[in-house]
Amino acid sequence: MRVTCRVALVRTTASVPVRARLSRNGKTYALGGGSARAGRTTLRMHRVRRLTRGTYTLSTRVKGRAGVTR
């Protein structure tokens, strides 16, 4: 199964690490990450649980010079 979504990030000149979690009802279904540069990123997610149809929440953490932004 392939899932695609768009995430808007603050533009930055430096490459910053991004961590992501896909969840529903408090349970984690996938974890992953990537690096963001110029407001764009590609996340590679690893499945933790089997995905079924429904609505999920994608939570991201971006770590920059100022600290962590969720």
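The values are calculated or read from the model by the stated rules, or taken from the named source; none is laboratory data. Keep in mind that what you see is a predicted model, and the values were worked out from it rather than measured. Cβ atoms come from the backbone with ideal geometry, glycine included; neighbour counts cover every protein chain shown. Ligands, DNA and RNA are stripped out before the accessible areas are found, and what is left, the full protein with its side chains, is counted by its heavy atoms. Shrake-Rupley method; radii C 1.70, N 1.55, O 1.52, S 1.80 Å.
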Would you please name the residue that is farthest from SER15 (Cα to Cα), looking only at residues in segment 26-61 that are assigned to a loop (DSSP other than H, G, I, E, B) and hydroxyl-bearing (Ser, Thr, Tyr)? THR52
Checking the structure you have, find out if any residue of segment 1-18 is open to solvent by 100 Å² or more (accessible area, probe 1.4 Å) and at pLDDT 90 or above. no
In segment 27-44, what residues are open to solvent by less than 70 Å² (accessible area, probe 1.4 Å) and of a type outside the set (S, T, N, Q)? TYR29, ALA30, GLY32, GLY33, GLY34, ALA36, ALA38, GLY39, LEU43
Report every pair of residues separated by at least 6 positions or lying on different chains whose Cβ atoms are under 6 Å apart, first residue within segment 39-61 and at positive phi, second surrounded by 10 or more Cβ atoms within 10 Å (Cβ to Cβ). GLY39/LEU9; GLY39/ARG11
